[in-house]
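Student: My questions will all concern the structure given below.
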There are 4 protein chains.
Amino acid sequence: MLVTLSSEADPRRVQGELAALGLWSETVRGSKGAVHLLVPRHSAALDPQRILELPGVVDVAASPSPHPLVDALPRELEVAGRVFGGARPLLIAGPCSVESPDSIDAIAARVATEGASFLRGGAFKPRSSPYAFQGHGAPALRWLADAAAKHGLGVITEALDEGSVAPVAELADIVQVGSRNMQNFGLLRAVGASGRPALLKRGMAATVDEWLLAGEYLLHHGAPAVLFCERGVRGFDERARNLLDLGSVALLATEHGLPVVVDPSHAVGRSDLITPLSLAARAAGAAALMIETHDAPGEALSDGPQALGPSRFSELARAILAQDPEDKSA
Amino acid sequence: MLVTLSSEADPRRVQGELAALGLWSETVRGSKGAVHLLVPRHSAALDPQRILELPGVVDVAASPSPHPLVDALPRELEVAGRVFGGARPLLIAGPCSVESPDSIDAIAARVATEGASFLRGGAFKPRSSPYAFQGHGAPALRWLADAAAKHGLGVITEALDEGSVAPVAELADIVQVGSRNMQNFGLLRAVGASGRPALLKRGMAATVDEWLLAGEYLLHHGAPAVLFCERGVRGFDERARNLLDLGSVALLATEHGLPVVVDPSHAVGRSDLITPLSLAARAAGAAALMIETHDAPGEALSDGPQALGPSRFSELARAILAQDPEDKSA
Amino acid sequence: MLVTLSSEADPRRVQGELAALGLWSETVRGSKGAVHLLVPRHSAALDPQRILELPGVVDVAASPSPHPLVDALPRELEVAGRVFGGARPLLIAGPCSVESPDSIDAIAARVATEGASFLRGGAFKPRSSPYAFQGHGAPALRWLADAAAKHGLGVITEALDEGSVAPVAELADIVQVGSRNMQNFGLLRAVGASGRPALLKRGMAATVDEWLLAGEYLLHHGAPAVLFCERGVRGFDERARNLLDLGSVALLATEHGLPVVVDPSHAVGRSDLITPLSLAARAAGAAALMIETHDAPGEALSDGPQALGPSRFSELARAILAQDPEDKSA
Amino acid sequence: MLVTLSSEADPRRVQGELAALGLWSETVRGSKGAVHLLVPRHSAALDPQRILELPGVVDVAASPSPHPLVDALPRELEVAGRVFGGARPLLIAGPCSVESPDSIDAIAARVATEGASFLRGGAFKPRSSPYAFQGHGAPALRWLADAAAKHGLGVITEALDEGSVAPVAELADIVQVGSRNMQNFGLLRAVGASGRPALLKRGMAATVDEWLLAGEYLLHHGAPAVLFCERGVRGFDERARNLLDLGSVALLATEHGLPVVVDPSHAVGRSDLITPLSLAARAAGAAALMIETHDAPGEALSDGPQALGPSRFSELARAILAQDPEDKSA
């Protein structure tokens, strides 16, 4: 944002008034005496109109938002009878991959009992190596949907490539786009065209603006809604898998008014830190948490070390739901 | 950590048992048939003794901790009559720099009223440019200490260089070492030798291990205690000043059992996100929050845009203190 | 890598011998007295057999390579009559997007004159915003191929999604996979299956191992060859678009013996730095350079500011080709 | 930089003209119709005066440089009879730490024979752990200076803290400030006041602007000259110790006209990559290379794995000096 001052204005005074509103600024002077204040993007959000009213300010210039469809999203999103962004946080839980009908049924039973709203689990798995387990594919989708239906849960699962969008969209309430695919534009188009709401994981090193623009692709191509999901960005410390960025969660929730999902399991990859980070995510403004859980993490075909076993998942679910006064009656 | 298997053990089974305990592992095979599992550091914390008891495991090898003095720190730390790491979170509040006796007194009065425990404010300021305001120096220390004493607050302020350690240690309850100085070993020695507890801000891109080792320097040179303070690491997104790393806060609080301080003001630099991130930090396990506040942010000599004004600070303080049931009676 | 010592060995002496070979190491001790040295991955490459011969070493354990097909790639790759990895560097040049038959013909004429081997240009463009220019599509592929054929150049262009693989593979000598798609596994499968050699750009924050594994996907699914292309990783400094990582280029060229391509245009986005960074990339071991060039950068539909105009491109081409003695006679 | 257009100007046309000059731009519109183009800092360097001459441009506004003393530094710097920034690259070589009179003498003899200009070696060592070897201190300074004098070399060594500035400045031609101390302002003042030229290593995650401002501190406090030394920034890939940023080297050499030093040894920590990265650094515009070398890397007290032994150092020195035609006669 650019604030142009009148020739009599004292730039330091106006800078002080901007500071009081939470805006940083830098003075730049034109060759012919004009004085402008440049407001960097790490400033608090503010309606430019309020700045125009400050004495000494003659003009305010800003770029139009590059993502009007994201901006028009409502603060609350109802899917499969649950409300993201309402007074209560939602829990999305399940295993890394859907391993068998019995396993997913046992997991679904437990997470439903503990108050989860959605069942997650991968049928098609993105794996760094072509030789790693790639998921059980289409049959696993059916096992997942059956288990969810039996226990009254909604379904979230990932469409890994354009070919998997149709089968996923047929059975899932929400189609997940993974981190590695955040800017896979062919997939974004296909998921948008499926007509399902999408859950869009943030890319490994994506800026918030790139993430919002990827959401704009989904909406532009037909998605009725997008849930943005933070799952950690690439960090530099070997003691966590990724670096959970709750500042961006607060930004999306506060400035953009969006319901945000946080996946602490992929963020840190450490089962011992998932409960405190889940509580932190909720406090930062997350509308929902996505938690890897497995009834027997030691037998999981992938990502077992970051999955919560039954008792730890129960503790987490109770801690999250107890956190909000509205849940006392639940 | 390195786990050596017996020749009959099935590595996949042992890997499963490790996974159930939250440990990732990679199989490596020796030239003569020995099978080891390498456990990377993004695994859950675990006593190696438990692993030795698993069937098929014949040996476990690990490095000794490089920071025994940090490891010996207690979970709770009492300074100036307040307990870091107890049931109640503590608030450390005050301006970026101590600007005048009247200003710091007004700020102290307010933060004391709202339940803060410590007054912070810079007398010696680290500034990227040699031409920026460098703080009012020694006189400001006295203004700070007087205001704190009058309103029943403890004092935390930064020793910017070796020469400022003595005057700071004389008047402050806790001596702050800033991010830029986390590995200024001369300063760490001097602060340690002063005999005061230290607050050690994490460096811009410091790993958790480097941070803990910097704490070890302080303790090795005489500091009676160290409080580790997360204030955001260097990120890549222009929409925040820094990237607040609450995963590391959870790690220090959970695995290391340390009372941790979080400074959300420097982390994001956006006044509109400080309350949600303060609540998040507390939920992640922070023992105390350090908040920039000013009675007139528009008149602040530095960092005004990230300081909370009186009413926003009051809201934050109430939200933080209301979060904990123990505080209801306060 | 893990080095196990005999019970009589002096670990410090063996560590010294490893250091002399360029290996870092950390001592870990088992619960029953065994002593191992852990060798981290930032050590020099070395055949484990050499370590086994050191006195005091009883065993060496390592993981098998996760990318055997990449490891089997030859040091030189001939495509369309040009050799990547031979004594001469190759130049790949052309505009960001193919804008018209006349424009691409003019550019092809110039780059051919200056000694370039391949013509590049986008028909399908990956753009962060759905509202930005997305390329002229299939017709542009034909314009590109015609211009290349007329001027004796090979063709490299990007397949943006699964649907564009077939048309691209039909006309291009090398199919490019972009940074945003490095782990778009559906696309990697499709490009592999097309039977064309692939140029695989490194992802925004991909580790070298992830990058090599993405190459393994291509080879596993049928690609006859993969050229790895470094184009800068996400950095933290606003003065460049990305951070060019020539250390990884040296690593791939030296340890892995691969012909590597470097794209300095996308790395820094600054036309004034492209020549020194091209020379640097070549010196670090790059087999080829990919340079954005345009006959009228001011009229380019995208990325004009980072494109070299005719005279600067000529200077660059001459500097690169003059750098190698073999080229003196060319 | 901010470019203000006349009311009749076509913003896209002016954007094209800026693009042709290597400038990116974004259009912002004021509430009263004014149209400005914001030029981000990853654009090519350009004199604002040239932009003022473009048709349709009515004003150009920019911030004054925050580091006028750095800007005034000459392109060439002569110290101890050697010229940084002249036609020939300079070699600075020596061990991590000065270990004994004999060892440093042997190393000095060798590096002098191979054409190095300066001898480096630490007397006071910055170490992450308080329990690691901290250098031999003041006696080592004398051993270093004697060895250098005997073999006709200049001396560069680090002042680790304020107390070591005086002894270092007495014996060294150039006083090194380490990465961890880049923003240790007390040290910068003391080194500046010593009156010696300084070599300023870039901080682990310092932006170029922060680095230049740290240089401004040195100059403001009396340093007659500053050499900026790139040594790798914090990266995310375990296969190198740090990430060498040659884009910043090209930026300092090209836009700022500064003689830059590159330390590839600390950047990658891998002895097998130091020669290609040294050649790359030179090609990117480095005026000098700082290379860790040791006559017996296996006996080095610190950093042995990244030190070049005698024969590899000789190869490197010859490759670097052979690279430049001026050196043929040397």
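Student: Show me you know the interface measure: the accessible area buried between D and A, both chains summed, probe 1.4 Å, in Å² to the nearest 100.
Tutor: So the total buried area for this chain pair works out to about 1500 Å².
Student: In chain B, with Lys and Arg counted as +1 and Asp and Glu as -1 at Cβ, which of these residues, B:22, B:169, B:296, has the Cα nearest the positive end of the dipole, that is, farthest along it?
Tutor: The residue sitting most towards the positive pole is B:22.
Student: Take every residue in peptide D:194-207, count the Cβ atoms of other chains within 10 Å of its Cβ, and give the average of those counts.
Tutor: 3
Student: In addition: Would you mind giving the mean number of other chain beta-carbons within 10 Å of the Cβ of each residue in C:37-49, as a whole number?
Tutor: 4
Student: Residues of the stretch A:268-316 losing 40 Å² or more of accessible surface, assembly versus chain alone, probe 1.4 Å, please list them.
Tutor: Listed in order, they are A:270, A:272, A:273, A:276, A:277, A:283, A:298, A:305.
Student: To continue, here is another question. List, largest first, the extents of the alpha carbons of the stretch C:38-87 along their principal axes, each in whole Å.
Tutor: Over the stretch C:38-87, Cα extents along the principal axes are 52, 23, 18 Å.
Student: Counting pairs of Cα atoms in the stretch B:146-207, how many percent are more than 14 Å apart?
Tutor: 52
Student: Taking all protein chains in place and a 1.4 Å probe, what share, in percent, of the accessible surface of the protein assembly as shown do carbon and sulfur account for?
Tutor: 51
Student: Could you state, as a whole-number percent, how many of the C-alpha pairs of the stretch D:246-330 are farther apart than 22 Å?
Tutor: Cα-Cα pairs of the stretch D:246-330 separated by over 22 Å account for 29 percent.
Student: Right, something else. Hey, got the dipole for chain D? About the Cα centre, +1 on K and R Cβ, -1 on D and E Cβ, debye to the nearest 20?
Tutor: Around 300 debye, computed over chain D.
Student: A further question follows. Which percentage, to the nearest 5, of the DSSP beta bridges contained in the stretch B:1-155 is antiparallel?
Tutor: Just about 75 percent of them are antiparallel.
Student: Give the Debye-formula value of log10 I(q)/I(0) at each listed q (0.17 Å⁻¹), with one equal scatterer per alpha carbon of the stretch D:57-207, two decimals each.
Tutor: With no solvent term, the Cα-only Debye profile gives -1.01.
Student: Additional query: What shape does the stretch D:124-230 take by its C-alpha gyration tensor, where a ≥ b ≥ c are the square roots of the eigenvalues and a/c under 1.5 counts as rounded, a/b above b/c as prolate, and the rest as oblate?
Tutor: Verdict is oblate for the stretch D:124-230.
Student: Short version: ³J(HN,Hα) in whole Hz for each residue of the stretch C:246-263, in order, from phi by Karplus 6.51 cos²θ - 1.76 cosθ + 1.60 (θ = phi - 60°), x for Gly and Pro, what are they?
Tutor: With coefficients 6.51, -1.76 and 1.60, one gets 6, x, 5, 5, 4, 5, 5, 6, 8, 6, 8, x, 9, x, 10, 10, 10, 10 Hz.
Student: Counting DSSP beta bridges with both partners in the protein assembly as shown, what percentage is antiparallel, nearest 5?
Tutor: Beta bridges within the protein assembly as shown, antiparallel portion: roughly 40 percent.
Student: Classify the stretch D:210-250 from the C-alpha gyration tensor, please: rounded if a/c falls under 1.5, else prolate or oblate depending on whether a/b exceeds b/c.
Tutor: prolate
Student: Something else about it: Would you please give the residues with an amide H less than 5 Å from that of residue C:228, counting only those at least 5 places away or on a separate chain, with H modeled from the backbone geometry?
Tutor: Placed amide hydrogens put C:200, C:261 under 5 Å from residue C:228.
Student: Using only Cα atoms, find the angle between the long axis of helix D:208-220 and the longest principal axis of chain D, and express it within 0 to 90 degrees, rounded to the nearest 10.
Tutor: 70
Student: Suppose we keep just the DSSP beta bridges with both residues in the stretch C:167-260; what percent of those would be antiparallel, to 5?
Tutor: So the antiparallel bridges amount to about 10 percent of the total.
Student: Using just the helices of chain D, give the 222 nm mean residue ellipticity in deg cm²/dmol: DSSP H runs with n ≥ 4 each add -39,500 (n - 2.57), and the total is spread over all residues, rounded to 500.
Tutor: Helix-only estimate at 222 nm: -10500 deg cm²/dmol.
Student: Which value, in Å³ per residue, describes the convex hull spanned by the Cα atoms of the stretch D:192-325?
Tutor: 122
Student: From Cα coordinates alone, what are the radius of gyration and Dmax values for the stretch B:1-84 in angstrom?
Tutor: 17.2, 61
Student: Additional query: Using the Karplus curve 6.51 cos²θ - 1.76 cosθ + 1.60 with θ = phi - 60°, what ³J(HN,Hα) values do you get for each residue of the stretch D:151-158, in whole Hz, with x for Gly and Pro?
Tutor: For the stretch D:151-158, the Karplus-derived couplings read 9, x, 10, x, 10, 10, 8, 8 Hz, x marking Gly and Pro.
Student: In whole Hz and in residue order, list the ³J(HN,Hα) couplings for the stretch C:59-74 that follow from phi through the Karplus curve 6.51 cos²θ - 1.76 cosθ + 1.60, θ = phi - 60°; x for Gly and Pro.
Tutor: Ordered by residue, 3J(HN,Hα) equals 7, 9, 10, 8, 7, x, 4, x, 9, x, 6, 5, 4, 7, 5, x Hz.
Student: Would you mind getting the accessible area per residue of the stretch D:68-160, heavy atoms of the protein chains only, 1.4 Å probe, in Å²?
Tutor: The answer is 36 Å² per residue.
Student: Enter the mean number of other protein chain beta carbons within 10 Å of the beta carbon of each residue in D:210-220, as an integer.
Tutor: Mean partner shielding for this stretch: 3.
Student: Quick one, what does Rg over Rh come out to for the stretch A:107-162 if you take C-alpha atoms and the Kirkwood Rh?
Tutor: Rg/Rh for the stretch A:107-162 comes to 1.04.
Student: Please determine, in degrees from 0 to 90 and to the nearest 10, the orientation of helix A:101-113 with respect to the longest principal axis defined by the Cα atoms of chain A, where the helix direction is its Cα long axis.
Tutor: Orientation of helix A:101-113: about 60 degrees from the principal axis.
Student: If you don't mind, there's one more thing I want to ask. Collect residues whose amide H, placed 1.01 Å from N in the peptide plane, falls under 5 Å from the amide H of residue B:245; neighbours closer than 5 in sequence don't count.
Tutor: B:232, B:233
Student: Using only the alpha-carbon atoms of the stretch B:189-238, report the extent along each of the three principal axes, biggest first, to the nearest angstrom.
Tutor: So the three principal-axis extents are 40, 16, 14 Å.
Student: Continuing with this model, one more query. Under the rule a/c < 1.5 gives rounded, and otherwise a/b versus b/c splits prolate from oblate, where does the stretch C:1-48 land using the Cα gyration tensor?
Tutor: Taking the square roots of the gyration eigenvalues as a ≥ b ≥ c, the stretch C:1-48 is prolate.
Student: Which chain A residue comes nearest the axis with its C-beta when you rotate A onto D, and by how many angstrom?
Tutor: Checking which Cβ lies nearest the axis yields A:236, 3.
Student: Is there a quick way to get the dipole size of the stretch C:198-325? I mean about its Cα centre, with the Cβ of Lys and Arg at +1 and of Asp and Glu at -1; what is the value in debye to the nearest 20?
Tutor: Dipole of the stretch C:198-325, to the nearest 20 debye: 100 debye.
Student: Right, here's the next one. Once the Cα atoms of the protein assembly as shown are picked out, what are the Rg and Dmax in Å?
Tutor: Radius of gyration, then largest Cα-Cα span, for the protein assembly as shown: 30.2, 88 Å.
Student: Same structure again: Three principal axis extents, largest first, for the C-alpha atoms of chain D, in Å?
Tutor: Extents along the principal axes: 76, 42, 40 Å.
Student: Placing a label point 7 Å from Cα toward Cβ, how far apart in nm is residue D:71 from its equivalents in the other copies, listed shortest first to one decimal?
Tutor: Label-point separations across copies, in nm and ascending: 3.6, 5.4, 5.6.
Student: To continue, here is another question. Tell me which residues come under 5 Å, amide H to amide H, from residue B:155 once H is placed; ignore anything under 5 positions away on its chain.
Tutor: Amide H to amide H, under 5 Å and 5 or more residues apart or across chains, residue B:155 pairs with B:119, B:173, B:174.
The values are calculated or read from the model by the stated rules, or taken from the named source; none is laboratory data. Predicted model only: the values in this text are computed from it and were never measured. Note that we place each Cβ from the backbone using ideal geometry, even for glycine, and neighbour counts take in every protein chain shown. The accessibility values were calculated without ligands, DNA or RNA, using every heavy atom of the protein model including side chains. Shrake-Rupley method; radii C 1.70, N 1.55, O 1.52, S 1.80 Å.
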